[in-house]
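Trainee: First the structure, then my questions, so here it is.
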Amino acid sequence: MRLVLVFGGRSAEHDVSCVTGAHVLAAADPSRYDVVPVGITHDGRWVRAEVATGRLAAEGPAVQPAEVLDGPDTVAFPLLHGPFGEDGTVQGLLEMMGVPYVGTGVLGSALCMDKAMAKDAAAAHGLPQVRHLAFRDIDLEYDFDGAMRRAAADLGLPVFVKPANLGSSVGVTRATDVGELGAAVKLALDFDEWVVVEEAVTAREIECGVLGYGRLRASVPGEVRPSHAFYDYQDKYADGAADLLVPAPLPPGVADEVRRLAVAAATALRVDGMARVDFFYEEPGRGLLLNEINTIPGFTPISMYPKMWAATGVPYRRLIDELVDAGLARHRNRSGRYGRSR
């Protein structure tokens, strides 16, 4: 089987994706896969990457997607975090080419990538969440200061401000007054036209992995204990000082509820293949609150998603196999349905 790893990409999470690609390349079973690493540069060119070193520094010759994805036994493994990869765009390309791929389809990928729309969908399904507001850049042009004051009054302070379509905590800021809120929104708008403002909660950060096609399975939950004010980019990828506790020290009933809610949230947002579902656990208080769903989570051996599955009995190499199998099952189930005439 030809396994095409697609990593890098045009988003601000390019470097994180390259590190992920290097680890999956090293771990994929060579007796099962002919692994072909393909990088996407910052400017969107596809290049052959003979060795994924964690950086796309030595760029290979440019290729067209069809050159590397063509073939009856080819499966694509997108490892692209953020826009232009995790948001349904590459998934749409693969669907049009008829190539099986790992992970969630076009709709679920796009929905989970956009935090504002994901929250609307979760609310429609009655899933518990933190209070939030969403703003679009052009709507803020008329009365920016007034919108900031109203947001602070509605949600209280402090709040967290996030670009709607980005991950890895890029562009995320904690704001403690109206002035900081305005600056945080302007920073987030450097990355996206939509921003989400969320109430700050005093809560534990709990995560859970989902896996499979058809009937999703949930991993044991894990807990993140940040070393900074919140689990930011530095804490995730630079300092590495955050504590990742797997399994999370939770009462059995709470751990079971995390797993149930993780599957319910993933199902509601049309997720299959893989995802990491993030919660806040407000104790005492409202209990578990859905934060977000990451359809292409960090995938190094020390990332939370593989660690949670390893603790559930699915080690890293086998996890790759199960994800490929889920992608093939999805492709078989969908293949030919949308090309049929009535």
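Trainee: Mind counting the residues in region 271-311 that are within 16 Å of C112 (Cα to Cα) and assigned to a loop (DSSP other than H, G, I, E, B)?
Mentor: Final tally of qualifying residues: 6.
Trainee: Kindly evaluate V263 against the criterion of being more than 19 Å from G103 (Cα to Cα) and free of Cβ contacts under 8 Å to residues at least 60 places away in the same chain.
Mentor: Answer is no for this residue.
Trainee: Applying the selection to region 134-167, what residues are closer than 30 Å to F299 by Cα and touching a strand residue (DSSP E or B) at 6+ places or on another chain (Cβ under 9 Å)? Can you show your working first?
Mentor: Taking region 134-167 as the starting set, the residues that turn out to be closer than 30 Å to F299 by Cα are 134, 159-167.
Hits for region 134-167 are A134, V159, F160, V161, K162, P163, A164, N165, G167.
Trainee: Give me the residue from region 60-75 that is part of a strand (DSSP E or B) and of a type in the set (V, I, T) and, out of that set, nearest to V210 (Cα to Cα).
Mentor: V75
Trainee: Does G82 meet the test of being touching a Gly at 6+ places or on another chain (Cβ under 7 Å), on the phi > 0 side of the Ramachandran plot and not acidic (D, E)? If you could, list the steps in order and put the result at the bottom.
Mentor: Details: touching a Gly at 6+ places or on another chain (Cβ under 7 Å): yes; on the phi > 0 side of the Ramachandran plot: yes; not acidic (D, E): yes.
When the stated conditions are applied, G82 passes them.
Trainee: Quick one: count up the residues across region 98-107 that are under 24 Å from V195 (Cα atoms), touching a helix residue (DSSP H, G or I) at 6+ places or on another chain (Cβ under 8 Å) and outside any loop (DSSP other than H, G, I, E, B).
Mentor: Count: 1.
Trainee: Next up: Taking region 253-271 as the search range and keeping residues that are under 14 Å from L107 (Cα atoms) and surrounded by fewer than 24 Cβ atoms within 10 Å (Cβ to Cβ), which one is nearest to the chain's Cα centre (by Cα)?
Mentor: That would be R270.
Table: residues versus (1) modelled with pLDDT of 95 or more; (2) within 30 Å of L250 (Cβ to Cβ); (3) polar (S, T, N, Q); (4) within 20 Å of the chain's Cα centre (by Cα).
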| site | (1), (2), (3), (4) |
| --- | --- |
| Q129 | yes, yes, yes, yes |
| F144 | yes, no, no, no |
| R150 | yes, no, no, no |
| G156 | yes, yes, no, no |
| G179 | yes, no, no, no |
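Trainee: Every residue in region 216-230 that is touching a Gly at 6+ places or on another chain (Cβ under 6 Å) and modelled with pLDDT under 95, please. First the steps, then the outcome.
Mentor: Start the filter on region 216-230 by keeping residues that are touching a Gly at 6+ places or on another chain (Cβ under 6 Å), which leaves 219.
Hits for region 216-230: nothing passes.
Trainee: Let me ask something else about it. Within region 306-322, track down each residue that is hydroxyl-bearing (S, T, Y) and in contact with an Asp or Glu (Cβ under 8 Å, 6 or more places away or on another chain).
Mentor: Across region 306-322, there are no qualifying residues.
Trainee: Next question. Return the only residue of Y305, Y281, Y233, Y237 being at pLDDT 95 or above, surrounded by fewer than 23 Cβ atoms within 10 Å (Cβ to Cβ) and of a type in the set (F, W, Y).
Mentor: Y281
Trainee: Could you grab me the full set of residues in region 189-210 that are small (G, A, S) and surrounded by fewer than 24 Cβ atoms within 10 Å (Cβ to Cβ)?
Mentor: A200, A203
Trainee: Which of the residues that make up region 312-338 are part of a loop (DSSP other than H, G, I, E, B) and under 21 Å from the mean Cα position of the chain (by Cα)?
Mentor: Step one: list which residues in region 312-338 are part of a loop (DSSP other than H, G, I, E, B), which gives 312-315, 335-338.
Answer for region 312-338, where residues must be part of a loop (DSSP other than H, G, I, E, B) and under 21 Å from the mean Cα position of the chain (by Cα): T312, V314, P315.
Trainee: Right, next: Any residue in region 14-27 that is under 16 Å from P297 (Cβ atoms) sitting within a Cβ distance under 7 Å of a residue that is among the basic types (K, R) and in a helix (DSSP H, G or I)? List the pairs, counting only those 6 or more apart or interchain.
Mentor: What qualifies is A27/R317.
Trainee: Restricting to region 143-197, name every residue that is over 21 Å from N294 (Cα atoms), free of Cβ contacts under 8 Å to residues at least 24 places away in the same chain and in contact with a helix residue (DSSP H, G or I) (Cβ under 7 Å, 6 or more places away or on another chain).
Mentor: A147, A175
Listed here are the residues, each with its yes/no results for (1) outside the structural domain of I320 (by TED's automatic domain parsing); (2) surrounded by fewer than 23 Cβ atoms within 10 Å (Cβ to Cβ); (3) outside any loop (DSSP other than H, G, I, E, B).
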{"site": "F77", "(1), (2), (3)": "yes, no, yes"}
{"site": "H81", "(1), (2), (3)": "yes, no, no"}
{"site": "V90", "(1), (2), (3)": "yes, no, yes"}
{"site": "M96", "(1), (2), (3)": "yes, yes, yes"}
{"site": "A110", "(1), (2), (3)": "yes, yes, yes"}
{"site": "M117", "(1), (2), (3)": "yes, yes, yes"}
{"site": "A123", "(1), (2), (3)": "yes, yes, yes"}
{"site": "I138", "(1), (2), (3)": "yes, yes, yes"}
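The values are calculated or read from the model by the stated rules, or taken from the named source; none is laboratory data. All values reported here derive from a predicted model rather than from experimental measurement. Don't worry about glycine lacking a Cβ; one is built from the backbone with ideal geometry, like all the others, and counts go over all protein chains shown.
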